[in-house]
Amino acid sequence: MTAVRCIRCASAFDLEALPEDVHACSSCGTTSLPVRPEDDVTVVLNWQELRILGVWASNWAGQPLFPEDSRATLDAILKRLQAQHPDRTPLSLAAELKHLAAVTGSEVKLVHPSSGATTTFTPPKNKALPPTPTAEEEEPP
Ligand SMILES: [Zn+2]
């Protein structure tokens, strides 16, 4: 038995139990290689360092040559990392701009420098805006 875990959906399965012609996770269908639980590690880094890695990885993953399956795997990894600290700044530029739209209640537009294409992030509908800080909570000028 070779216990592995899907890198995208985290389903655990026996690699040797898969039929020989199956090269995808039976739960989510990704063809990304599974990981071995014994390779799990704990690392120490600053959230800003992790955020830089997430923003750059997301930027590369957004390039046309990057396979959609790999993009979905990266998104799943970032989502698992973010879930460990949901109160922290989002780990991708797109998630941060989406958060900015929600906080400000305004549309946020991103013009992609390489293609000139525009992505618009709109605030969620029917959601209350976050509370406005009181004078005591505001940062000094
Ligand atoms: Zn999976």
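Could you pull out which residues in region 12-35 have an amide N less than 13 Å from a spot 7 Å beyond the Cα of Met1, following the Cα-Cβ vector?
Only 12-17 pass the distance filter.
Could you check the simple spin-label distance between Leu45 and Ser11, using points 7 Å along Cα→Cβ, in nm with one decimal?
Once both label points are built, they end up 2.9 nm from each other.
In debye, nearest 20: dipole of region 1-41 around its Cα centre with unit charges on the Cβ of K, R (+) and D, E (-)?
Values: 3 positive and 7 negative charges, 44 e Å.
I would put it at about 220 debye.
Suppose every Lys and Arg Cβ carries +1 and every Asp and Glu Cβ carries -1, with no other charges. What dipole size does the chain come out with about its Cα centre, to the nearest 20 debye? It would help to have the intermediate numbers written out before the result.
Details: 12 positive and 18 negative charges, 89 e Å.
Its charge dipole is roughly 420 debye.
Mind checking region 40-114 for GluC sites (Glu not before Pro) that DSSP puts in a loop (not H, G, I, E or B) and that have at most 14 other Cβ atoms within 10 Å?
Taking region 40-114 and a limit of 14 other Cβ atoms within 10 Å, the loop GluC sites (Glu not before Pro) found are Glu107.
Using the alpha-carbon atoms, what tilt in degrees (0 to 90, nearest 10) does helix 47-61 show relative to the longest principal axis of the chain?
Compared with the principal axis, the helix lies near 70 degrees.
Defining a contact as two alpha carbons under 8 Å apart and six or more residues distant in sequence, what relative contact order in percent does the chain show?
Relative contact order comes out at 16 percent.
Note the direction-averaged projected area, equal to a quarter of the hull surface, for the Cα convex hull of the chain, in nm².
That works out to 12.6 nm², a quarter of the Cα hull's surface.
Here, each number is a calculation from the coordinates, and none is a lab measurement. Everything quoted here is computed from the prediction, not taken from an experiment. Every residue, glycine among them, receives a Cβ derived from its backbone with ideal geometry; neighbour counts consider all protein chains shown.
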